[in-house]
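Colleague: I have a structure here, written as structure tokens, and I will follow up with some questions on it.
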Amino acid sequence: MRVGLGRPIFGQYIRLFMKVKILAFGIAKDIVGGKAGAMEFSENATITQVKEALTEKYPDFDKLAKFSIAVNESYQEDTYVIKEGDELVIIPPVSGG
Amino acid sequence: MCLVYIYRQIDMDHLTDKEYQRYARHFNLPDFGIEAQRKLKTSKVLVVGAGGLGSPVILYLAAAGIGTIGIIDPDVVSLSNLQRQVLYRDEDIDQKKVTLAANQIRSINPHIKVNTYDTHLNNNNALDIINEYDIVADGTDNFPTRYLVNDACVISGKMNVYASIYQFEGQVSVFNYQNDDGTRGPHYRDIYPDPPAPGLVPDCATGGVLGVLAGIVGTQQALEVIKLASGIGEPLAGRLLLYDALTSETRIIKLQIKSHTEVSELVNYRDFCGVVPDTIENNSQDMKEITVQELKQWKDEGKDFQLIDVREQHEYDFANLGGELIPLGDIMARSEEVSTEKEVVLMCRSGQRSGAALSALQQQGDYNLFNLKGGYLAWAAEIDTSLPRY
């Protein structure tokens, strides 16, 4: 999946898109249909854009209210700019005890 | 006066000969020793929920010598608890969990004090109960109580050792940790400011849980309590531990160092989470209930009504009362199957999920809905005792 504006150069997306790893926990695993995956974003995409893209592709994310995303094992604010190769972890709440 | 006071202080954390023998394996540990053991003895820990997580937490805190352990839980033991709730035995079915748990740990360690609260933690009692303790261990099984425990701990200035489980995954963290500069570490609302939509995240009854996972995550939770109480090591403050039983992988996510979210008062957690958390408190005027005796009468009279079973397929296959199966997760998508003409009785195992279904449907349209009080379990106990219980 590619998000954001991009321009093919010599028939390929060069440098305009970057690939990040997505790791899903809890109910997010059910929503995206797997534990691990990859997504592509345009350069300088923020966490906000990642959340928008996820919600667009998987509308159930909307029901999670404000879900948090960790980048490379640290929680990040919505304004955080992601980089090529980042690992994004989606950790929805769980209530079982 | 002064001497008497000092004497009492010493006496409070004094370890008897028996206690020295009992905790001998702790004393040779580097950085632990007698001092840390005395700290455990003077610690007061409240365990909220004596279920899957509560079982290992309560057992290990008692064995380790936490001086005062409070246990709060309103439930009785049911057969489906025993796959993970290792505090209880087959012969304990239908008995009060807090009483059983207290007896069990008193027999493990007679040197500790145990307080039991046979009730839900709620807005009326939370602050009073939590104020009696130094540390809270949250092992509850629903979102409203998670937020209540968190907020009550933040308001009372208590550290909250949090753990929760789902299917094959667990989370552990230490919330509201007191930093050296007096500030507080992040808490539940810093990670989850708003609850998920009701019904989106299944509980253990609906989504299932691997029994041994409760043991692994619960002992991690007990470990964090023991670290806080004894002052050893680095607690999971400002960090969230994620455990995946299927890959045996543990990840630690760094949170902020300080809390960003203010909590000043308790709110209505049922409304906040948009759910009807338990049948006992479902006395609200907008929810009509029907007893199993009344349902039996309706059936015997041949009354024309619709019975909808909102449990899962495997539960329905195990045993059912002849209702139409629409699992809770599908109820809104299949709401056209719910009659607007007839009286509709919603049922599940205990009345909790059907209560949630009723609330959700009621907001959606004009139905004549009744919740079956006590659910399948009440029917199996009072009407048809030949039915299996689970």
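The values are calculated or read from the model by the stated rules, or taken from the named source; none is laboratory data. What you see is a predicted model; the values in this text were computed from it and never measured. Positions of Cβ are generated from backbone atoms using ideal geometry, with glycine treated the same way; all protein chains shown enter the neighbour counts. Ligands, DNA and RNA are excluded from the accessible area calculation, which covers all protein heavy atoms including side chains. Shrake-Rupley method; radii C 1.70, N 1.55, O 1.52, S 1.80 Å.
Colleague: Could you list, in sequence order, the residues of the range B:11-64 that are charged (D, E, K, R), outside any helix (DSSP H, G or I) and open to solvent by 70 Å² or more (accessible area, probe 1.4 Å)? I'd like the intermediate steps shown before the answer.
Modeller: First, pick out the residues of the range B:11-64 that are charged (D, E, K, R): B:11, B:13, B:17-19, B:22, B:25, B:31, B:35, B:38-39, B:41, B:44.
Checking which are outside any helix (DSSP H, G or I) leaves us with B:13, B:31, B:44.
B:D31, B:K44 - these are the residues of the range B:11-64 that are charged (D, E, K, R), outside any helix (DSSP H, G or I) and open to solvent by 70 Å² or more (accessible area, probe 1.4 Å).
Colleague: Where the second residue is polar (S, T, N, Q) and surrounded by 14 or more Cβ atoms within 10 Å (Cβ to Cβ) and the first is touching a residue at least 40 places away in the same chain (Cβ under 8 Å) and lies in the range A:74-92, which pairs have Cβ atoms under 7 Å and are six or more apart or on separate chains?
Modeller: These pairs meet every condition: A:D86/A:N72; A:E87/A:N72; A:I91/A:S68.
Colleague: Looking at (1) open to solvent by less than 70 Å² (accessible area, probe 1.4 Å); (2) modelled with pLDDT under 90; (3) more than 10 Å from chain B (Cβ to nearest Cβ), which is the one condition that is false for A:P8?
Modeller: The one condition A:P8 does not meet is (1).
Colleague: Just to confirm my filter: which strands (runs of 3 or more DSSP E) fall fully inside the range B:127-206 and include at least 3 residues that are more than 9 Å from chain A (Cβ to nearest Cβ) and under 21 Å from B:V114 (Cβ atoms)? Reasoning before the result, please.
Modeller: Numbers: elements: B:135-138, B:159-166, B:169-175.
By residue number, B:135-138, B:159-166.
Colleague: While we're here: Among the residues of the range B:48-71, which ones are among the hydrophobic types (A, V, I, L, M, F, W, C) and either away from every other protein chain (no Cβ under 12 Å) or closer than 18 Å to B:N103 by Cβ (or both)?
Modeller: The first filter runs over the range B:48-71 and keeps only residues among the hydrophobic types (A, V, I, L, M, F, W, C), leaving B:48, B:50, B:53, B:57-59, B:61-64, B:66, B:69, B:71.
Once the filter is applied, which keeps residues that are among the hydrophobic types (A, V, I, L, M, F, W, C) and either away from every other protein chain (no Cβ under 12 Å) or closer than 18 Å to B:N103 by Cβ (or both), the range B:48-71 yields B:A50, B:V57, B:I58, B:L59, B:L61, B:A62, B:A63, B:A64, B:I66, B:I69, B:I71.
Colleague: Of everything in the range B:79-105, what is buried (at least 18 other Cβ atoms within 10 Å of the Cβ) and among the small types (G, A, S)? Give them in sequence order.
Modeller: Residues satisfying the conditions are B:A101, B:A102.
Colleague: Kindly indicate whether B:P74 is within 14 Å of chain A (Cβ to nearest Cβ), in a loop (DSSP other than H, G, I, E, B) and not acidic (D, E).
Modeller: Numbers: within 14 Å of chain A (Cβ to nearest Cβ): yes; in a loop (DSSP other than H, G, I, E, B): yes; not acidic (D, E): yes.
Yes, satisfied.
Colleague: Among residues belonging to the range B:239-253 that are part of a loop (DSSP other than H, G, I, E, B) and either free of Cβ contacts under 8 Å to residues at least 12 places away in the same chain or more than 10 Å from chain A (Cβ to nearest Cβ) (or both), point out the one that is least open to solvent (accessible area, probe 1.4 Å). Give the derivation first.
Modeller: Taking the range B:239-253 first, the residues part of a loop (DSSP other than H, G, I, E, B) are B:245-248.
From what's left, either free of Cβ contacts under 8 Å to residues at least 12 places away in the same chain or more than 10 Å from chain A (Cβ to nearest Cβ) (or both): B:245, B:247-248.
Numbers: B:A245: 27, B:T247: 73, B:S248: 81 Å².
Step by step, filter the range B:239-253, then rank; the result is B:A245.
Colleague: Please state which one of B:Q220, B:Q178 is at pLDDT 90 or above and crowded, with 19+ Cβ neighbours inside 10 Å. So that I can check it myself, show each step before the final result.
Modeller: Numbers: B:Q178 fails: crowded, with 19+ Cβ neighbours inside 10 Å.
Checking each option against the conditions leaves just B:Q220.
Colleague: Another question about this same structure. Before we move on, is B:R353 modelled with pLDDT under 90 and under 30 Å from B:T119 (Cα atoms)? Spell out the reasoning first.
Modeller: Working: modelled with pLDDT under 90: yes; under 30 Å from B:T119 (Cα atoms): yes.
Judged against the criteria, B:R353 is a match.
Colleague: Identify, by number, the condition in (1) more than 14 Å from every other protein chain (Cβ to nearest Cβ); (2) crowded, with 18+ Cβ neighbours inside 10 Å; (3) out of contact with any Ser or Thr (no Cβ under 6 Å at 6 or more places or on another chain) that B:A229 doesn't meet.
Modeller: (3)
Colleague: On to the next question. Can you find, within the range A:54-90, the residue that is farthest from B:D330 (Cα to Cα) among those that are at pLDDT below 90 and among the hydrophobic types (A, V, I, L, M, F, W, C)?
Modeller: Checked the range A:54-90; the qualifying residue farthest from B:D330 (Cα to Cα) is A:F67.
Colleague: Then there's this: Take B:S284 and tell me if it is open to solvent by less than 50 Å² (accessible area, probe 1.4 Å), at pLDDT below 90, hydroxyl-bearing (S, T, Y) and out of contact with any Cys (no Cβ under 6 Å at 6 or more places or on another chain). Spell out the reasoning first.
Modeller: Details: open to solvent by less than 50 Å² (accessible area, probe 1.4 Å): yes; at pLDDT below 90: yes; hydroxyl-bearing (S, T, Y): yes; out of contact with any Cys (no Cβ under 6 Å at 6 or more places or on another chain): yes.
Against the criterion (open to solvent by less than 50 Å² (accessible area, probe 1.4 Å), at pLDDT below 90, hydroxyl-bearing (S, T, Y) and out of contact with any Cys (no Cβ under 6 Å at 6 or more places or on another chain)), B:S284 qualifies.
Colleague: A further question follows. Could you grab me the full set of residues in the range A:41-87 that are open to solvent by less than 50 Å² (accessible area, probe 1.4 Å) and among the β-branched types (V, I, T)?
Modeller: Correct list: A:T46, A:I47, A:V50, A:T55, A:I69, A:V71, A:I82.
Colleague: For A:G37, all conditions in the list (1) modelled with pLDDT under 90; (2) within 14 Å of chain B (Cβ to nearest Cβ); (3) outside any loop (DSSP other than H, G, I, E, B); (4) out of contact with any Ser or Thr (no Cβ under 8 Å at 6 or more places or on another chain) hold save one; what is the number of the exception?
Modeller: With (1) modelled with pLDDT under 90; (2) within 14 Å of chain B (Cβ to nearest Cβ); (3) outside any loop (DSSP other than H, G, I, E, B); (4) out of contact with any Ser or Thr (no Cβ under 8 Å at 6 or more places or on another chain) applied to A:G37, the lone miss is (2).
Colleague: Shifting gears a bit: Just give me the residues in the range A:40-95 being of a type in the set (S, T, Y) and assigned to a loop (DSSP other than H, G, I, E, B), in sequence order.
Modeller: Going residue by residue through the range A:40-95, those that are of a type in the set (S, T, Y) are A:42, A:46, A:48, A:55, A:58, A:68, A:74-75, A:79-80, A:95.
Result: A:Y58, A:S68, A:T79, A:Y80, A:S95.
Colleague: Among the listed residues B:L87, B:L82, which satisfies the condition of being at pLDDT 95 or above and closer than 25 Å to B:N122 by Cβ? Quick ask: steps written out before the conclusion?
Modeller: Numbers: B:L82 fails: closer than 25 Å to B:N122 by Cβ.
On inspection, the qualifying residue turns out to be B:L87.
Colleague: Answer with yes or no whether A:A45 is modelled with pLDDT under 90 and among the hydrophobic types (A, V, I, L, M, F, W, C). Reasoning before the result, please.
Modeller: Numbers: modelled with pLDDT under 90: no; among the hydrophobic types (A, V, I, L, M, F, W, C): yes.
Here the answer is no, as A:A45 does not meet what is asked.
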